[in-house]
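Quick notes on the structure that follows.
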Amino acid sequence: MKSILVTGGAGFIGSNFIRMVLSEHDNTFVVNLDKLTYAGNLKNLKGFLDNPNHKFIKGDICDTKLVGKILDEYKIEAIINFAAETHVDRSILAPKAFIETNIKGTLVLLEAARDSNLLKFVQISTDEVYGSLGPEGKFTEGTPLSPNSPYSASKAAADHLVKAFGHTWGLKYNITRCSNNYGPYQFPEKMVPLMINNALNNKELPVYGDGLYVRDWLYVYDHCTAVWKVLTKAPPGGVYNIGGCNEKKNLDVIELILNRLEKPKSLIRHVADRPGHDRRYAVDASKIIKQLNWQPSIGFEEGINKTIDWYLQNQKWLVDIVSGNYQKYYDSIYSNR
Ligand code: NAD
Ligand code: DAU
């Protein structure tokens, strides 16, 4: 692909994706459309903001005119839609923005894509659309969608729209559903960077409920290589699960972080649970592994160590975030919990 539109490219995964594309796939021009919400950050574009193969545009995926203009002007061949409201706790506090961006914004992109005969539309979805698992089994691409939070419901709605555009108008699409990502540039509202930040500052680590909830962790670089494979190799129309085959209980991840930072377990504080908290996610990624020859390359201990090292070496990035509106958000979620 010569010219691609990445939405949400100033966020955690989008910025890692663009960095990988620009360093590993020479002939690709990337237009990066991002609204710069609280989660978007130009500092995430370090090292490639001024790359001649990258053009950053501040704007909203809900802006029909702007999206149409970008597709025309840059002769876009593919859209990779990372832009979203992404934090489950915020979706419980205030769901409206999730409906606007995740559903209506996706619709705007789909209409523009349909009208411009794109080669590929890749919707970055999530394993959370499948709902929650008991102690056994994994999500496959055939697992019925059963989202439980406003966030995952909005992502599932977008998935249905993408499929409907494929079915009705022949839009060439793929949908990816990945498990929990961790790595550099993740906003410290999510569990891994939040626990790293609190531990570094000797603050309590707020563990929801019994802490025995299970997530399937994947280092962000491996998610990015999987999305590239789907973009460039997957036949249109398919859904691809992406995961690290790496299930961990929250408390085990948190203890690993504390050990690595040489901080005491006494910092752990069990707090009131997240309403409607999904107990367990586990992804069967055998389709992408077999069909597209993708493999995760970074094991969990290595990935967590790389992640902690990155936060240690980029404390200014973290301090700039947590010294802004973050504290207000933190108090609204965690004080009196
Ligand atoms: P993030 O919150 O770090 O970044 C989201 C980005 O989207 C931000 O830069 C934000 O400014 C931008 N954005 C939000 N609304 C926008 C709008 N209306 N127009 C343009 N830009 C807008 O999110 P992330 O963790 O990088 O997630 C990226 C995508 O991957 C999301 O679609 C998410 O659902 C999906 N996903 C995330 C994970 C994970 O573990 N983080 C796992 C699976 C799937
Ligand atoms: O599975 C993919 C999804 O992973 C993505 O689609 C979402 O965008 C992403 O935010 C993530 O969702 P989770 O809800 O699983 O991630 P989060 O980091 O918020 O929480 C991970 C686990 O840690 C979950 O069981 C809740 C728990 N937790 C989280 C926070 C923020 C705590 O115990 N304490 C906390 O303070």
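Bear in mind these aren't lab numbers, they're just calculated from the coordinates by the rules spelled out. Everything numeric in this text was worked out from a predicted model, so none of it was measured. When we count neighbours, we look across all protein chains shown, and the Cβ atoms used for this are built from the backbone with ideal geometry, even at glycine.
Here are the numbers for the structure shown:
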{"read-out": "Label-point separation, residue 336 to residue 203 (7 Å along Cα→Cβ), nm", "value": "1.9 nm"}
{"read-out": "Average Cα contact separation per residue, the chain, under 8 Å, 6 or more apart, as relative contact order %", "value": "17 percent"}
{"read-out": "Spin-label model distance (nm) - residue 269 vs residue 96, 7 Å beyond Cα toward Cβ", "value": "3.1 nm"}
{"read-out": "Convex hull volume per residue for region 36-136, taking Cα atoms only, in Å³", "value": "152 Å³"}
{"read-out": "For region 36-85 versus region 137-199, the gap between their alpha-carbon centres in whole angstrom", "value": "20 Å"}
{"read-out": "Structure-based [θ]222 nm, the chain - -39500 (n - 2.57) summed over DSSP H runs of at least 4, per residue, nearest 500", "value": "-12000 deg cm²/dmol"}
{"read-out": "Exposure proxy ranking, count of Cβ atoms within 10 Å, fewest first, for 136, 128", "value": "136, 128"}
{"read-out": "Over the chain - Rg/Rh using Cα atoms and the Kirkwood inverse-distance radius", "value": "0.94"}
{"read-out": "Share antiparallel - DSSP beta bridges, region 146-298, percent rounded to 5", "value": "20 percent"}
{"read-out": "Per-residue HN-Hα couplings for region 7-21 [Karplus 6.51, -1.76, 1.60; θ = phi - 60°; Hz; x = Gly/Pro]", "value": "9, x, x, 9, x, 5, 6, x, 6, 5, 5, 5, 4, 5, 4"}
{"read-out": "Rounded to 5, percent antiparallel among DSSP beta bridges of the chain", "value": "10 percent"}
{"read-out": "Cβ-based exposure ranking for 233, 290, in which fewest neighbours within 10 Å come first", "value": "290, 233"}
{"read-out": "Rounded to whole Hz, the Karplus (6.51, -1.76, 1.60) HN-Hα couplings of region 181-186, x for glycine and proline", "value": "9, 8, x, x, 6, 7"}
{"read-out": "Residue order, fewest to most beta carbons within 10 Å, for 168, 86", "value": "168, 86"}
{"read-out": "FRET E, pair residue 46, residue 163, Förster distance 51 Å, beta-carbon r, rounded to 0.05", "value": "0.90"}
{"read-out": "Whole-Hz ³J(HN,Hα) from phi, Karplus 6.51 cos²θ - 1.76 cosθ + 1.60, for region 104-115, glycine and proline x", "value": "5, x, 5, 4, 4, 5, 5, 5, 5, 5, 4, 6"}
